[in-house]
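FYI, it's all coordinate maths here, none of it is from the lab. Keep in mind that what you see is a predicted model, and the values were worked out from it rather than measured. Note that we place each Cβ from the backbone using ideal geometry, even for glycine, and neighbour counts take in every protein chain shown.
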Amino acid sequence: MSQVLFHAVARPSIILRSSRFLATVAPGSATRHDWTRNEIQKIYDSSLMDLVYQASTVHRQHHDPSKIQLCTLMNIKTGGCSEDCSYCSQSSRYSTPTTASPLLEVGPVLEAARKARANGSTRFCMGAAWRDVGGRKRGFERILEMVREVRAMGMEVCTTLGMLTPDQARQLKEAGLTAYNHNLDTSREFYPQVISTRSYDDRLGTIQAVRDAGISVCSGGILGLGESDRDRVGLIYEVARMPEHPESFPVNALVPIPGTPLEGNERVPHDTLVRTIATARIVLPETIIRLAAGRNTLSEAEQMMCFMAGANAVFTGEQMLTTPCSPWDVDKTMMDKWGLKGMESFEQKSVARKEGTTLRDGGVSGDTHREAIRP
Ligand code: SF4
């Protein structure tokens with residue numbers, strides 16, 4: 001813990017912001033996978049006004065700037081996790097307000113998915129707090145059933161279930177899974193200060209299994225862990241070098257949970273959040289940048305700055321996994337005011353491509369379906 005705090009304090013308080021390099025990053029150029037860490041650092045270190053302008057320009061070239069993906073997250077198995085992620089209230093190693101409960105039955109999960117769809121969410125994500133799905137045959141079969149049923153509603157389906165083997169990824173794909181969330185959390189160097197029970201390469205192995213199964217990847221990080229600017233750049237660098245960028249890059253702002261080792265961490269400054277989002281937008285131009293945990297602590301104006309900088313997805317509904325979420329009605333009012341609309345399911349081209357014939361033959365791309373999923 002003391003190391004974590006030292007890391008935060010040691011961060012230089014004054015950084016010389018330059019926009020010279022930013023001017024050479026030509027908007028509209030091809031998506032790159034050969035970024036150097038130094039290049040990304042220079043983008044990140046640019047003057048914030050120029051950085052947001054450039055990110056917004058890139059965003060408009062690759063995405064409809066009026067569209068935000070609305071995703072609802074549900075915890076289908078809470079707490080009691082054997083891992084030691086130092087930010088997480090669900091780890092059994094810490095004494096937190098979260099109470100452990102078993103894997104939910106299929107019925108209540110489908111009911112929640114229907115409610116999410118009726119409120120305009122087009123992606124439904126289910127999370128289970130455990131290290132991996134190994135040795136949970138019956139539980140995994142129940143999850144496959146949930147995936148099949150939610151997919152049959154015409155929604156994008158995502159799960160976050162810890163580490164996966166290639167065979168488990170294949171079964172999820174066959175059940176109709178659209179995306180799998182597995183965050184890298186932070187840079188390779190800082191990671192060991194956050195988690196010790198599984199390695200960075202373990203995480204990359206699961207992401208590879210998901211990729212190989214033809215599932216879209218959702219992988220990003222958490223800000224406010226005590227990391228430095230260099231670590232935030234290191235996280236973006238790690239995904240920027242992948243042969244295929246993640247289709248989704250969540251940017252979470254730590255919500256410190258009493259009882260966890262990071263309970264005393266300070267809230268990440270808003271300009272750091274915006275700077276990270278804008279850098280990710282420029283480096284990962286086709287990716288959906290997801291403004292995730294901690295959004296409910298931002299004012300409406302702060303959220304809009306994140307959208308200006310290229311964020312184009314949010315979690316909305318009743319709750320994140322264990323922390324509060326902005327409710328649908330508040331988000332609808334905010335989006336109406338600012339001229340934003342919800343994305344339709346499978347609107348992101350790279351995600352639709354992965355669905356292939358399933359999407360064409362399943363009749364979910366037609367207007368009738370799209371009408372059906374509007375609130
Ligand atoms: S983040 Fe996931 S793997 Fe880590 S302790 Fe929490 S539930 Fe377990």
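Summary of values
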quantity: Hull volume in cubic angstrom per residue (convex hull over the Cα atoms of region 235-274); calculated: 98 Å³
quantity: Charge dipole magnitude, Cβ of K and R +1, D and E -1 - the chain, Cα centre, debye nearest 20; calculated: 260 debye
quantity: Computed over region 213-279, the ratio Rg/Rh where both radii use C-alpha atoms and Rh is Kirkwood; calculated: 1.02
quantity: Extreme residue, positive dipole direction of region 75-201, given options 101, 124, 153 (C-beta unit charges); calculated: 153
quantity: q = 0.07, 0.11, 0.13 Å⁻¹: log10 I(q)/I(0) that the Debye formula gives for the chain, counting C-alpha atoms only; calculated: -0.28, -0.72, -1.05
quantity: Cα-Cα over 22 Å, subset of 67/332; 115/349; 137/173; 42/349; 137/354; calculated: 115/349; 42/349; 137/354
quantity: Over the chain: helical MRE at 222 nm, DSSP H runs n ≥ 4 each giving -39500 (n - 2.57), nearest 500; calculated: -12000 deg cm²/dmol
quantity: Size of region 123-222 as Cα extents on the principal axes (Å, biggest first); calculated: 41, 27, 22
quantity: Cα-based Rg and Dmax for region 190-252, where Dmax is the largest Cα-Cα distance (Å); calculated: 12.0, 34
quantity: Across the chain: Cys residues that no other cysteine approaches within a C-beta distance under 4.7 Å; calculated: 71, 81, 218, 306, 325
quantity: Kyte-Doolittle mean at least 0.0, axial Cα span of 27 Å or more - DSSP H helices of the chain; calculated: none
quantity: Residue 132 long-range amide H proximity, modeled H, under 5 Å; calculated: 163
quantity: Charged-residue dipole, Cβ positions (Lys, Arg, Asp, Glu), region 116-169 about Cα centre, Debye nearest 20; calculated: 120 debye
quantity: Protection proxy ranking, peptides 278-284, 35-41, 82-88, average beta carbon neighbours within 10 Å, highest first; calculated: 278-284, 82-88, 35-41
